[in-house]
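Data block below; observations after.
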Amino acid sequence: MLEPVWILLALLQGPAPLAAPPLPAVVDVAMLPASAIVSPALGPPTAPAVSIPVVVATASPAAAPTRTPELLKGKAELSYVSTGGTASTTTIGTGAEAVLSPGRWRLEARVNFLRTRTDGTVRARRLTSQVRGARKIGDRAELFARGTYLRNTFAGIDNSVDGAAGVTAIILQGQPQRLSFDSGFGYIGEDRTVGRGRYVGTFDMGLRHQWEFSRRNRFSNDASLKTDVDRTSDWRLTHVAALQAALNAMLALKLSHEINYRNEPVPGFTRADTVAAAAIVATF
């Protein structure tokens, strides 16, 4: 009675699946269809992706180059003035200066000469020479010593020898400006063309300023005051202002004005003498 049921279930299940034959160990490519063969793409190998960090560098403004101090520098100048007419006058002025700066030392030497001739006769001469040495004792101070010789018949001075020593306070230093103040004591021996000479101890002060706004272009302003330590009414003041402008790599034009004032002048001479000059300067 159950046979019809089993026959019905067998019909509903369908035929049993057939086992797939095993794959051969070696496959003949010629027996495969063309669609089953995949050719590898020939070409350069693809490099793996690499992330590269990007660095943006901003250049900081270049610092101004520092100017190395020169060991030795100097200059020489020449001026000439000639006038004619009722009186024939010629004036010749020359000068030279050298500065040596080895380390903390600074040595300065200068000489200036001025002569005036009228109608073939020499009317006046002035010769000034000075040697000055200074040594730094810190960033803002120097010790100095100097000696000066002067012959100035314009002011009635036949011969004058002056020496002084003291301390310099450096207010401004470096480039482009230098400003310093000198103070010290000295001694002066002076022979005059008229009257008695003077041999006294002195108190000295000085102000030295230089503005070098470019190479061989500078403005200088120097002033000095000297007074008798016993008679303060006998004092003398010197001031020199000069402007130098370069013409080429070696030559420059210099305009200067100098005033020499003596509160007690040599008898027969005025208190103030001035010199205005234009000169050609050779710088080295």
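When segment 94-148 is filtered for residues that are open to solvent by 70 Å² or more (accessible area, probe 1.4 Å) and either outside any strand (DSSP E or B) or in contact with a Cys (Cβ under 7 Å, 6 or more places away or on another chain) (or both), the ones remaining, listed by number, are 103, 104, 119, 137, 139, 140. Just checking, does segment 263-281 include any residue being under 21 Å from residue 106 (Cβ atoms), of a type in the set (S, T, N, Q) and touching a Ser or Thr at 6+ places or on another chain (Cβ under 9 Å)? No, because not a single residue in segment 263-281 is under 21 Å from residue 106 (Cβ atoms), of a type in the set (S, T, N, Q) and touching a Ser or Thr at 6+ places or on another chain (Cβ under 9 Å).
Restricting attention to segment 218-261, the residues that are farther than 22 Å from residue 171 by Cβ, surrounded by fewer than 17 Cβ atoms within 10 Å (Cβ to Cβ) and under 25 Å from the mean Cα position of the chain (by Cα) total 9. Inside segment 180-198, residues that are of a type in the set (S, T, N, Q), in contact (Cβ under 8 Å) with a residue 24 or more places away in the chain and part of a strand (DSSP E or B) make up a count of 1.
Conditions (1) farther than 24 Å from residue 276 by Cβ; (2) assigned to a loop (DSSP other than H, G, I, E, B), marked per residue:
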residue	(1), (2)
202	yes, no
207	no, no
213	no, no
218	no, no
224	no, no
236	no, no
241	no, no
248	yes, yes
258	no, no
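Within segment 262-284, being closer than 27 Å to residue 191 by Cβ, open to solvent by 60 Å² or more (accessible area, probe 1.4 Å) and not in a loop (DSSP other than H, G, I, E, B) holds for one residue alone: 274.
Of 167, 194, all but one fail to be over 30 Å from residue 117 (Cα atoms) and open to solvent by 40 Å² or more (accessible area, probe 1.4 Å); the exception is 167. If you check residue 211 against the conditions, is it open to solvent by 40 Å² or more (accessible area, probe 1.4 Å) and under 29 Å from the mean Cα position of the chain (by Cα)? It is true that residue 211 is open to solvent by 40 Å² or more (accessible area, probe 1.4 Å) and under 29 Å from the mean Cα position of the chain (by Cα). Beta carbons closer than 9 Å, at least 6 apart along the sequence or on distinct chains, pair a first residue in segment 67-80 that is within 17 Å of residue 173 (Cα to Cα) with a second that is surrounded by fewer than 16 Cβ atoms within 10 Å (Cβ to Cβ) and at pLDDT 90 or above for 69/101; 70/101; 71/100; 71/101; 71/102.
Residue 155: at pLDDT 95 or above and either among the hydrophobic types (A, V, I, L, M, F, W, C) or surrounded by fewer than 14 Cβ atoms within 10 Å (Cβ to Cβ) (or both), yes or no? Against the criterion (at pLDDT 95 or above and either among the hydrophobic types (A, V, I, L, M, F, W, C) or surrounded by fewer than 14 Cβ atoms within 10 Å (Cβ to Cβ) (or both)), residue 155 does not qualify.
The values are calculated or read from the model by the stated rules, or taken from the named source; none is laboratory data. Worth saying up front: this structure is predicted, and the values here are computed from it rather than measured. Here the Cβ is made from the backbone with ideal geometry for all residues, glycine too, and neighbour counts use every protein chain on show. Heavy atoms of the whole protein, side chains included, go into the accessibility calculation; ligands, DNA and RNA do not. Shrake-Rupley method; radii C 1.70, N 1.55, O 1.52, S 1.80 Å.
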